[in-house]
Amino acid sequence: MTDDWPVHFSLFLALWTAVIAGVFSAFSEFVMRALSRAAPASGVDAMQQINVSVLRTQFVAGILLIPPISIGFAIYGFGAFDGLARISSFGAALVYTTMVFLVTVFGNVPMNNRLAGLDPHAGETEAYWSEYGRVWTRLNHIRTLGSLFTAGLYLVTGVALLTE
């Protein structure tokens, strides 16, 4: 590899986090809307199936791998980069870790775990389903924006490395 690897890696991370933002956006924009319009038992059952299906996917692997990779790249960049590239690589790691990873781990996943234990046809499930859809989607908006901001910051890092 040449000295250009940080540029290529920044652009790869920009693309990777932009794809994640797209998946999150799709859920916020139309998947959750459709599920909330279905009969509560149907919506709950569908979301329970989605939550089981997503666990062993490249999508979840990406969500889990980006924080350590981003933090490692930021640490490398702190010593190797100057100016805007240093700031944006650090910012990307900070934004992704807080707005995507931590929101996922402490927000969406606990809600998914609670939903997984509910009977779709039970009376209390309908009340939780209404709350779940509203709160889960708000958290997902944060994850969408965090992923999108991270993609932008990695794009800035790559461009800054080319021009500094």
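The values are calculated or read from the model by the stated rules, or taken from the named source; none is laboratory data. All values reported here derive from a predicted model rather than from experimental measurement. Don't worry about glycine lacking a Cβ; one is built from the backbone with ideal geometry, like all the others, and counts go over all protein chains shown. In case anyone asks, the SASA skips ligands and DNA or RNA and just uses the protein heavy atoms, side chains included. Shrake-Rupley method; radii C 1.70, N 1.55, O 1.52, S 1.80 Å.
One residue stands out among those in the range 17-45 that are free of Cβ contacts under 8 Å to residues at least 60 places away in the same chain and within 13 Å of the chain's Cα centre (by Cα): the one that is most open to solvent (accessible area, probe 1.4 Å), which is Val19.
Could you please find all residues in the range 128-164 being surrounded by 16 or more Cβ atoms within 10 Å (Cβ to Cβ) and farther than 28 Å from Leu11 by Cα? Selection gives Tyr128, Trp129, Tyr132, Gly133, Trp136, Thr137. Would you call Gly152 farther than 21 Å from Val103 by Cβ and part of a helix (DSSP H, G or I)? No, not satisfied. Here Val54 fulfils each of the conditions (1) modelled with pLDDT of 95 or more; (2) open to solvent by 40 Å² or more (accessible area, probe 1.4 Å); (3) not charged (D, E, K, R) apart from (1). Within the range 98-127, being modelled with pLDDT of 95 or more and open to solvent by less than 20 Å² (accessible area, probe 1.4 Å) holds for Val100, Thr104, Gly107, Asn108, Leu115. Within the range 66-82, the set of residues being open to solvent by 50 Å² or more (accessible area, probe 1.4 Å) and more than 16 Å from the chain's Cα centre (by Cα) comprises Ile75, Tyr76, Phe78, Gly79, Ala80, Asp82.
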